[in-house]
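Asker: Sharing a structure, written as structure tokens. Questions coming.
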Amino acid sequence: MAWWRRKKQPLAGPSDGKVSVPRGLWTKCDACGEITFTAEFVQNLRVCPGCGHHHVLPTRERIAAMLDADTWEPMDLELRSGDPLRFVDQAPYKDRISKAEHSAGPGDAFTSGVGRIDGVPASVGFFVFEFMGGSMGSVVGEKVTRVFERAVERRLPAVVFSASGGARMQEGILSLMQMAKTSAARGRLRAAGLPYISVCLHPTTGGVAASFAMQGDLIVAEPKALVGFAGPRVVQQTIGQELPAGFQRAEFLLEHGMVDRIISRLELREQLGLMLRLLGARPAVDLRAD
């Protein structure tokens with residue numbers, strides 16, 4: 001048979017001839033539509049390299065980004081939510097907690113501990129929005145309180161990264177009581193003369209925004225973060241008026257004096273360290289209790 005009539009063997013691959021691309025290889029920006037390699041996108045702290053839009057950053061990645069390497073010491077790991085009201089709506093509260101722990105990990109919607117931010121030791125807390133929308137129940141309130149109390153005990157500044165839908169309705173008045181409890185602990189920190197920086201992430205709403213999240217010596221926010229007690233849609237429906245453009249976004253709050261600075265996630269750790277030093281935080285020390 002002549003060479004020009006010889007049948008060639010097909011290349012190995014899918015039977016339909018299409019070339020498959022592994023899922024998750026690329027990430028598309030929600031704001032501008034730019035497509036980026038996911039590995040590069042994650043390395044850039046999930047900030048779009050094209051337009052600077054800040055996408056949701058998982059708590060585990062945020063802790064790694066905000067704290068110096070190998071300095072994070074989580075605490076209060078033994079605390080777990082109970083079901084004091086035996087609450088049931090579409091599902092029992094216990095089942096909701098179990099589901100949240102299965103998807104987001106144990107420890108409820110807040111993780112607390114000590115670590116160093118750009119070399120400055122601090123008592124730090126992070127809301128875990130992946131756990132029931134970062135809602136604040138009794139356990140979250142206790143952990144936030146311990147962040148402030150630990151700061152007083154060890155003479156450290158306090159930093160809290162808030163991202164929450166507000167008080168947890170399944171715990172009723174017990175969740176609302178956490179607003180007063182955490183605010184009282186923050187007051188004791190102020191009386192001790194120790195600094196507190198509140199970092200408002202997207203979203204910071206409800207009872208969290210109405211208490212310690214807006215009580216920082218410095219209040220900073222990520223770009224375009226939604227910060228407020230009730231969401232703009234609820235406010236508009238309640239008052240029956242058209243709201244200003246950008247209402248309750250970080251830029252609107254900065255313009256009206258409700259937050260002190262808007263800082264890109266890419267610069268946040270360095271800027272927090274600088275602000276802590278300006279507020280009189282001590283240089284690096286042994287974080288372990290005496």
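Asker: So if I check each of F148, F229, which one is at pLDDT below 95 and not polar (S, T, N, Q)?
Answerer: Sole residue among the options that is at pLDDT below 95 and not polar (S, T, N, Q): F229.
Asker: Going through segment 130-140 one residue at a time, which ones are part of a helix (DSSP H, G or I), buried (at least 22 other Cβ atoms within 10 Å of the Cβ) and free of Cβ contacts under 8 Å to residues at least 60 places away in the same chain?
Answerer: Answer for segment 130-140, where residues must be part of a helix (DSSP H, G or I), buried (at least 22 other Cβ atoms within 10 Å of the Cβ) and free of Cβ contacts under 8 Å to residues at least 60 places away in the same chain: M132, V140.
Asker: Within segment 257-268, is there a residue that is over 17 Å from the mean Cα position of the chain (by Cα) and without any contact (Cβ under 8 Å) to a residue 12 or more places away in the chain?
Answerer: Yes, there is a match, as at least one residue in segment 257-268 is over 17 Å from the mean Cα position of the chain (by Cα) and without any contact (Cβ under 8 Å) to a residue 12 or more places away in the chain.
Asker: Which ranges mark the helices (runs of 4 or more DSSP H) fully within segment 177-290 that have 3 or more residues being touching a strand residue (DSSP E or B) at 6+ places or on another chain (Cβ under 9 Å) and among the hydrophobic types (A, V, I, L, M, F, W, C)?
Answerer: So the answer is 250-255, 268-278.
Asker: Would you mind finding the one in K143, K99, K94 that is over 19 Å from L272 (Cα atoms), of a type in the set (K, R) and buried (at least 22 other Cβ atoms within 10 Å of the Cβ)?
Answerer: The conditions single out K143.
Asker: Here's a check for you: in segment 131-181, which residue that is under 23 Å from A192 (Cα atoms) and among the small types (G, A, S) is nearest to the chain's Cα centre (by Cα)?
Answerer: S162
Asker: Next question, about the same structure. What do you reckon, is A245 modelled with pLDDT under 95, within 23 Å of D118 (Cβ to Cβ) and exposed (fewer than 13 other Cβ atoms within 10 Å of the Cβ)?
Answerer: no
The values are calculated or read from the model by the stated rules, or taken from the named source; none is laboratory data. Predicted model, so just to flag it, every value in this text is computed and none were measured. Note that we place each Cβ from the backbone using ideal geometry, even for glycine, and neighbour counts take in every protein chain shown.
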